[in-house]
Amino acid sequence: MTDDELERWWPDLATVVAALRRAAEPAVADALLEAVGAGSTSGEILGGVGAILRAQRTFRSGLDETAARAWDAVMADVDRAHPAARPLNWIARAK
């Protein structure tokens, strides 16, 4: 999936990917695109994207306000798809 395709399909994630590239984190941005391409169902895509964002959550603090809001919107999508993981996300955010 290209950045342009992602922009049309999931604009919030496209914002996060672009911000990560600007922040010199192209490997994380590419991993997010790979997670989108690797999933065969929406649940797999959301799970993969969520796992990457949770693992790289320290990068969120370095993003501008727009990108940080987009990050939160993507994580809200993930939480809606995987509600059982919500308590784990709250614990991880508290660290």
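The numbers here are math on the coordinates, done by the rules we state, and not lab data. Just so you know, these numbers come straight off a predicted model, no measurement behind them. Cβ: placed from backbone, ideal geometry, glycine included. Neighbour counts: every protein chain shown.
When a footprinting reagent is the concern and you count Cβ atoms within 10 Å, what order do VAL17, VAL28, VAL78 take, fewest first?
Sorted ascending by nearby Cβ count, the order is VAL28, VAL78, VAL17.
List, in order, the whole-Hz ³J(HN,Hα) value for each residue of segment 31-46 obtained from phi through the Karplus relation with A = 6.51, B = -1.76, C = 1.60 and θ = phi - 60°; use x for Gly and Pro.
4, 5, 5, 5, 5, 5, x, 7, x, 9, 10, 4, x, 5, 5, 4
Give, rounded to the nearest 20 debye, the magnitude of the charge dipole that the chain has about its Cα centre when Lys and Arg contribute +1 at Cβ and Asp and Glu contribute -1 at Cβ.
So the dipole magnitude of the chain works out to roughly 520 debye.
When only Cα pairs under 8 Å and 6 or more residues apart are kept, what is the percent relative contact order across the chain? Show your work: numbers first, answer last.
Details: 78 pairs, mean separation 27.0, N = 95.
Relative contact order comes out at 28 percent.
Go through (i) 13.7, 45; (ii) 16.1, 51; (iii) 12.3, 34 and flag the label whose value is the computed Rg and Dmax of the Cα atoms in Å for this structure.
(iii)
Using the 10 angstrom Cβ neighbour count as an exposure proxy, how do ILE52, ILE45 rank, fewest first? Intermediate results must be reported in sequence, preceding the final value.
On the way: ILE52 16, ILE45 20.
Ordered by Cβ neighbours within 10 Å, fewest first: ILE52, ILE45.
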